[in-house]
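See structure below.
The values are calculated or read from the model by the stated rules, or taken from the named source; none is laboratory data. Here the structure is a predicted model, which is why all the values come from computation and not from measurement. Cβ sites come from the backbone with ideal geometry, for glycine too, and all protein chains shown count toward neighbours.
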Amino acid sequence: MASNNEESQEDSKQRIVTEDRSDADYSKDLKPRHIQMIAIGGSIGTGLFLGAGGRLAQGGAGLTIAYAVCGIFAFLMVRALGELAIRRPSSGAFVSYAREFLGEKGAYITGWLFFLDWSTTIMADITAVAVYVHYWKSLQFIPQWIIALAALALVFVMNLMSVKLFGEAEFWFAAIKVATILIFMVVAIWAIVSGAAVGSSHAGFVNITDHGGFFPEGLPIVFALTLGVVFAFGGTEMVGVAAGEAKNPRKVLPKAINSMIIRIFVFYVGSVVLMALVLPYTAYSSNESPFVTFFSGLGIPYAGSIIQLVVLTAALSSLNAGLYATGRTLRSMAVAGSAPKIAKVMNKHHVPAGGIMITSALGLFGVLLNAILPDEAFEIIMNLAGIGIAGTWAAILVTHLVFLRRVKQGRETRPAYHMPGAPYTNYLALIFFAVVVVSNLASTSGRWTLALFCVVVLLMVAGWYYVRGRVRGDLLDEIDLGQDDDADEDDDDATPSLASAKSMIDVAETKSRQSTK
């Protein structure tokens, strides 16, 4: 009965939609190719291009299992987000959905966890840029913190420009990343088949069998490294934010999200498997990209330098995406009153300049960390960002559970695009992320990360009591647009434009004021 009821509601195309006023004033300039590449770029970043080397050095080939398992749960999370985003595209994304289904307190928690995730990721990215630049001995005289500051300034300026420029930059950044991984995989497969010399060893299964097997350092270390793997997949949720500034999101999002599981297993799991086969795990280092280690080991002239330039663009891509997402998330929260007022500021390019400035200012803490602890900066920041990512993903899954509860009550209609196995997969993913966070107790650095996160939680609680008196509860409006037989046309978005929704809201407010008088 319930399924028949849902089908009849979808067939009638009665368009009662919820609009979030914090989505007003954004441009709809992201094209389908931008969304596709943002989805790719978000799920391939510094965690693979730099972090995989250090994790391989610690855990060996067994790390591939951690990548595969985390990849599956990351995909489930994005499917849950995709279902919410197709129902109502929003630049506030999961913060806006949490506002609708969990209330302003839920939006506050989700937003600040996401901000913790990406503000720390930005610190990790500028650290990665500095590490990459120091690959060239001629540039090692430049202090690491100066390089980190220059990277932050460059991407900050880019983000203050139009969203179209952001989309174009991210498109080419992502294209370079994908091309690099594909080239690596082709060359690595050739090296394994031919048994080519790579550094002081030869490519092949001997790099696993003769160096301690699949778990050379034991199985527990693989669990301890899982949080870093979660960090590697951080950014997959970026596609939900971009949906709010996309043309025809209902057509573009399913394709972008569905192809993500293939990219995860081909690019991430496939790359890590090949890395384990072409070199012993002891050949890798946390201070050098594993791609550079491999190509340098082949002895091809300038190969290491060329790949180093490519992985440099990967870090800039992640940094670019981080400023983009946090700026929009902070604005959604600021409009509600749960973030600093300056985050509401939009510039003439329809970009949330205030939120971008706040994140960039906190990025300066990463610059300071690079000045004080240049060797440990990346690992410290990466683990803290991993907790923020796990928390954000958990909030998305909980929001989706509440949405499903309303569907069961007949108060909502699910879009045709579903999260597979829900709600059981929601609970399974939540348990997994909880275990990942608790697994930090197994290592000294992990315990320090958890202690630091406890401080963050206390600050969030104090912050809520500080802002709760000014938090607005009137940002969501239901608009009945009646029947719409053309909702699925190629050139029409199935939700009203924010401009039209905003004008309807303004008219309603004007009438309300007149009637009051």
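Among the residues of segment 253-264, not a single one is touching a Pro at 6+ places or on another chain (Cβ under 8 Å) and at pLDDT below 75.
Conditions tested, residue by residue: (1) surrounded by 16 or more Cβ atoms within 10 Å (Cβ to Cβ); (2) of a type in the set (A, V, I, L, M); (3) out of contact with any Gly (no Cβ under 6 Å at 6 or more places or on another chain).
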| residue | (1), (2), (3) |
| --- | --- |
| 108 | yes, no, yes |
| 113 | yes, yes, no |
| 117 | yes, no, no |
| 121 | yes, no, no |
| 125 | yes, no, yes |
| 132 | yes, no, yes |
| 135 | yes, no, yes |
| 157 | no, yes, yes |
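Filtering 99, 88 for residues that are over 17 Å from the mean Cα position of the chain (by Cα) and buried (at least 24 other Cβ atoms within 10 Å of the Cβ) leaves a single hit, 99. Specify the residue that is surrounded by the fewest Cβ atoms within 10 Å (Cβ to Cβ); the eligible residues are those in segment 409-426 that are under 24 Å from the mean Cα position of the chain (by Cα) and without any contact (Cβ under 8 Å) to a residue 24 or more places away in the chain. Top of the filtered list is 424.
When the helices (runs of 4 or more DSSP H) confined to segment 39-133 are screened for residues that are closer than 24 Å to residue 361 by Cβ, those reaching at least 3 such residues are found at 93-133. The selection criterion, being at pLDDT below 90, within 27 Å of residue 307 (Cα to Cα), surrounded by fewer than 24 Cβ atoms within 10 Å (Cβ to Cβ) and over 32 Å from the mean Cα position of the chain (by Cα), does not hold for residue 204. Yes or no: residue 142 part of a loop (DSSP other than H, G, I, E, B), surrounded by fewer than 20 Cβ atoms within 10 Å (Cβ to Cβ) and modelled with pLDDT of 80 or more? So residue 142 fits the description; yes. Residue count for segment 427-449, restricted to those that are without any contact (Cβ under 8 Å) to a residue 12 or more places away in the chain and under 27 Å from residue 252 (Cα atoms): 0. Any residue in segment 390-405 that is free of Cβ contacts under 8 Å to residues at least 60 places away in the same chain sitting within a Cβ distance under 9 Å of a residue that is of a type outside the set (D, E, K, R) and outside any helix (DSSP H, G or I)? List the pairs, counting only those 6 or more apart or interchain. Qualifying pairs under 9 Å: 401/422; 401/423; 404/419; 404/422; 404/423; 405/423.
Here 59, 111 are screened, and the one residue that is in contact with a Pro (Cβ under 9 Å, 6 or more places away or on another chain) and either at pLDDT 85 or above or not small (Gly, Ala, Ser) (or both) is 59. Does segment 89-103 contain any residue that is charged (D, E, K, R), in contact (Cβ under 8 Å) with a residue 12 or more places away in the chain and in contact with a Pro (Cβ under 8 Å, 6 or more places away or on another chain)? Scanning segment 89-103 turns up no residue that is charged (D, E, K, R), in contact (Cβ under 8 Å) with a residue 12 or more places away in the chain and in contact with a Pro (Cβ under 8 Å, 6 or more places away or on another chain). Selection within segment 176-199: residues that are among the small types (Gly, Ala, Ser) and crowded, with 16+ Cβ neighbours inside 10 Å. The member of this set that is nearest to residue 265 (Cα to Cα) is 188. Among the residues of segment 229-239, is there at least one that is in a helix (DSSP H, G or I) and surrounded by fewer than 21 Cβ atoms within 10 Å (Cβ to Cβ)? No, there is no match, as no residue in segment 229-239 is in a helix (DSSP H, G or I) and surrounded by fewer than 21 Cβ atoms within 10 Å (Cβ to Cβ).
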